[in-house]
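Contents: one structure, followed by commentary.
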Amino acid sequence: MDILLSNELSSLYENRVANLDKQQLMPEHIDAIIDDFASCDGVTKTIIGQSFCGLPISCLSLGDGPKKVLLWTQMHGDESTATAAVLDIIHLITAKLSTSLNANWHNLLTIHIIPMLNPDGASAGTRENAQGIDINRDALALQTPEGKALNAVVERIHPDFAFNLHDQKDYFRCGAHGKSSTLAFLAPAFDSQKTINHARRNAMALTALMQVNANALLPAGIARYDGEFSARSFGDQFTGRGISTILIESGHYPNDRYRQVARTMNVFVLLHALNMLCEESYWTTDEKLTELEIKYWQIPENKENKLCDLLIKDLGFAGNSYTTDIAMRKQSRFSSLTLVADIGDLHQQHGLNTVQGLGYTYDPGQSYLLNEELYLSNESYIELLKKGFSHFVGNINLIKNHSDYTIIENPKYWHDDKKMMKGVTPAGFLCKEGERKFAFVMGEILPL
Ligand SMILES: [Zn+2]
């Protein structure tokens, strides 16, 4: 992976636990690692409950200090970036690799880590658990065994600080002009007036400390969520019970499909947070808390849907005098299905890939009807595009696609209109002076 990281990050990056850089972590990817850690000195494993399908939910505990810290990840089964990060942290600690963590941390903190709260959702690749319930909307009803298990741990250990670790979509931008939000923080409110109680004030202050440190390494990529109060969510409930809770969302970084940068940034900020909890006298004075609260509100806002996979700017349409911008997004993070997400004046959008369409006109191309076997190599596919075939229809089994490209087969919603419409599969050509110069296929743009 061609990612340039600062020295502070690259050593954390190099010391990641092996084989966890995957699209989706499942119980079988982490069970043996958890058992290895459980056999280390100073680590205790507890089974805190069973998932709806009967899978064990593990918690690893480290340290003997009076300050209690709880971290949980993968409450949403398809959000596993931070699962790898918390395992990295345990690895760094148990292997006694150098970290920024205070040398006396184990006398100051007790750290409880639930690396996969929703193993059924993780196995199935779903946000929800096997009952189809979003566990993070079950904090009041407590009808999921996973939500009950989390609640019981909190009742038992009474954490001072809690870290609720998630993944967000690729399309969040850090502030109005920033890059992708690779991390986003929230110190959730516990009432609709968004009152700042003692617990929330401390969470805001610690968040500000984490963000300032992280932002130095990844400028314009560390954001703050402006969350509404959500009575059904655990973070909001725990804050109301006096537990300083911090939500962290892992997000996109360029050319980093499995979010290894966000993973490493999680390790970095969480170690910094644990270290700050060892050195509380430094930042919990009234004066310092006031200063940090101001810093919290200064963190750039996490802006939803301000990014798209491909943005074509100012595209023209044959026979018409108007131009417009077109945004395309994947249906979900790992979906190959991309749809036209928005059309119009999208100057407030940024594309992860942006193409200037000014001077070009749109041509949807035509369907290639399959009636005999068709072998596609890179060359033969590009030849078909050059001839104006933008997609394939008919018996899809006849295609042997050996090219490196995504192809469009029997698009669910096709139009051969010369306009562009929201919700359709994006395919077609950018033409100049009657010649097809570029093809776009799903979210990819190919020069012809
Ligand atoms: Zn989530």
> Using beta carbons and a limit of 7 Å, which pairs, at least six apart or on different chains, have the first residue in the range 123-147 and in contact (Cβ under 8 Å) with a residue 40 or more places away in the chain and the second one away from the ligand (no atom under 14 Å from the Cβ) and of a type in the set (Val, Ile, Thr)?
Replying inline: ASN129/THR144; GLN131/THR144; ILE135/THR144; ASP138/THR144; GLU146/ILE57
> Is it fair to say GLY121 is part of a loop (DSSP other than H, G, I, E, B), in contact with an Asp or Glu (Cβ under 8 Å, 6 or more places away or on another chain) and within 16 Å of the ligand (Cβ to nearest atom)?
Replying inline: no
> Do we have ALA220 as among the hydrophobic types (A, V, I, L, M, F, W, C), within 18 Å of the chain's Cα centre (by Cα) and either surrounded by fewer than 23 Cβ atoms within 10 Å (Cβ to Cβ) or at pLDDT below 95 (or both) here?
Replying inline: yes
>> Anything in the range 127-181 that is away from the ligand (no atom under 16 Å from the Cβ), in contact with a Cys (Cβ under 8 Å, 6 or more places away or on another chain) and at pLDDT 95 or above? List them, or say none.
In response: ALA130, VAL153
>> Can you list the helices (runs of 4 or more DSSP H) lying wholly within the range 1-97 that have 1 or more residues being closer than 26 Å to ALA130 by Cβ, more than 16 Å from the ligand (Cβ to nearest atom) and among the basic types (Lys, Arg)?
In response: none
> Given the structure, is GLN50 on the phi > 0 side of the Ramachandran plot and in contact (Cβ under 8 Å) with a residue 40 or more places away in the chain?
Replying inline: no
>> Based on this model, can you work out whether ALA205 counts as in the same structural domain as THR99 (by TED's automatic domain parsing), in contact with a Gly (Cβ under 6 Å, 6 or more places away or on another chain) and not β-branched (Val, Ile, Thr)?
In response: no
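Give the residues of the range 182-197 that are touching a Leu at 6+ places or on another chain (Cβ under 9 Å) and in a loop (DSSP other than H, G, I, E, B), sorted by residue number.
If the condition is that a residue be touching a Leu at 6+ places or on another chain (Cβ under 9 Å) and in a loop (DSSP other than H, G, I, E, B), then THR182, ALA187, PRO188 are the ones that fit.
Does VAL17 fit the bill of being within 20 Å of the chain's Cα centre (by Cα) and farther than 15 Å from ASN118 by Cβ?
Yes; evaluated as a whole, the condition is true for this residue.
Kindly establish whether THR99 is in the same structural domain as ASP170 (by TED's automatic domain parsing) and out of contact with any helix residue (DSSP H, G or I) (no Cβ under 6 Å at 6 or more places or on another chain).
Numbers: in the same structural domain as ASP170 (by TED's automatic domain parsing): yes; out of contact with any helix residue (DSSP H, G or I) (no Cβ under 6 Å at 6 or more places or on another chain): no.
It is false that THR99 is in the same structural domain as ASP170 (by TED's automatic domain parsing) and out of contact with any helix residue (DSSP H, G or I) (no Cβ under 6 Å at 6 or more places or on another chain).
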> Name the residues in the range 356-383 that are open to solvent by less than 20 Å² (accessible area, probe 1.4 Å) and closer than 30 Å to GLY319 by Cα, would you?
Replying inline: GLY357, TYR362, PRO364, GLY365, TYR381
> Which of (1) out of contact with any Phe, Trp or Tyr (no Cβ under 9 Å at 6 or more places or on another chain); (2) in contact (Cβ under 8 Å) with a residue 24 or more places away in the chain is the odd one out, the single condition PRO219 does not satisfy?
Replying inline: (2)
>> Among the residues in the range 386-406, are any part of a loop (DSSP other than H, G, I, E, B), open to solvent by 20 Å² or more (accessible area, probe 1.4 Å) and either in contact with an Asp or Glu (Cβ under 9 Å, 6 or more places away or on another chain) or among the aromatic types (Phe, Trp, Tyr) (or both)?
In response: yes
>> Among the numbered criteria (1) part of a strand (DSSP E or B); (2) closer than 26 Å to LYS169 by Cβ; (3) open to solvent by less than 30 Å² (accessible area, probe 1.4 Å), which one does CYS431 miss?
In response: (2)
> What about ILE113, is it of a type in the set (A, V, I, L, M, F, W, C) and open to solvent by 10 Å² or more (accessible area, probe 1.4 Å)?
Replying inline: no
> So ASN129 fits all but one of (1) open to solvent by less than 50 Å² (accessible area, probe 1.4 Å); (2) under 24 Å from ASP236 (Cβ atoms); (3) touching a helix residue (DSSP H, G or I) at 6+ places or on another chain (Cβ under 7 Å); (4) not in a loop (DSSP other than H, G, I, E, B); what number is the exception?
Replying inline: (4)
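The values are calculated or read from the model by the stated rules, or taken from the named source; none is laboratory data. Owing to the predicted nature of the structure, the values given are computational and were not obtained by experimental measurement. Using ideal geometry, Cβ is built from the backbone for each residue, glycine included, and neighbour counts are taken over all protein chains shown. These area figures cover heavy atoms from the full protein model, side chains too; ligands, DNA and RNA do not enter into them. Shrake-Rupley method; radii C 1.70, N 1.55, O 1.52, S 1.80 Å.
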